[in-house]
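Just so it is clear, none of the values below were taken in a lab; they were calculated from the coordinates. Quick caveat, the model's predicted, so the values are computed rather than measured. Glycine also receives a Cβ, built like all others from the backbone with ideal geometry; neighbour counts cover every protein chain displayed.
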Amino acid sequence: MSDESSRRFVIDKVMHAIPVSKVSMFTNSKLVMFYLTYFMENDVYYLENYDAIVIAAFKEDIMEVLDVFLNEDIPLDRILNAITRDRVKK
């Protein structure tokens, strides 16, 4: 998240996202960018096939998904399958 164009891209996705959970951070771009800039800059993934941003951390065989930002209604299992690594069991 060090360059301005990446930040603007993520902010746009966050602000125009369809919430995928009851506690989604959509429309709260300032808080999302705070975390992505200071703590989670390596945990942001863009899935071009779905035009989706996923914030997820991988530790050994566990994937922790913190939020997903989508502009259209796509089943969450498709998004998670696209980002899951081979060794993830949970």
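Sparse packing (at most 16 other Cβ atoms within 10 Å of the Cβ) combined with a DSSP loop state is found for the following trypsin sites (Lys or Arg not before Pro) in segment 1-82: 22. The charge dipole of segment 4-83, taken about its Cα centre with unit charges on the Cβ atoms of Lys, Arg (+1), Asp and Glu (-1) only, comes to about 300 debye. From its DSSP helices (H runs of at least four residues, each -39,500 (n - 2.57)), the chain gives a residue-normalised ellipticity at 222 nm of -10000 deg cm²/dmol.
In segment 1-41, a dipole from Cβ-located charges (positive for Lys and Arg, negative for Asp and Glu) runs towards its positive end, and of 36, 23, 5 it is 23 whose Cα lies farthest in that direction.
Computed with the Debye formula from one identical point scatterer per Cα of segment 4-83, without solvent, the log10 of I(q)/I(0) at q = 0.26 Å⁻¹ comes to -1.48. Note on 47, 70: ascending count of other Cβ atoms within 10 Å places them as 47, 70, the fewest first. The angle between the Cα long axis of helix 4-15 and the main principal axis of the chain comes to about 80°, on a 0 to 90 degree scale. By the count of neighbouring beta-carbon atoms within 10 Å, fewest first, 29, 21, 6 end up ordered 21, 6, 29.
Among the chymotrypsin sites (Phe, Trp or Tyr not before Pro) in segment 11-52, those placed in a DSSP loop whose Cβ has at most 15 other Cβ atoms within 10 Å are 39. Rounded to whole numbers, the Karplus 3J(HN,Hα) couplings from phi for segment 61-78 are 9, 10, 10, 10, 8, 8, 6, 9, 10, 10, 9, 9, 7, 10, x, 4, 4, 5 Hz, using 6.51 cos²θ - 1.76 cosθ + 1.60 with θ = phi - 60°, and x at Gly and Pro.
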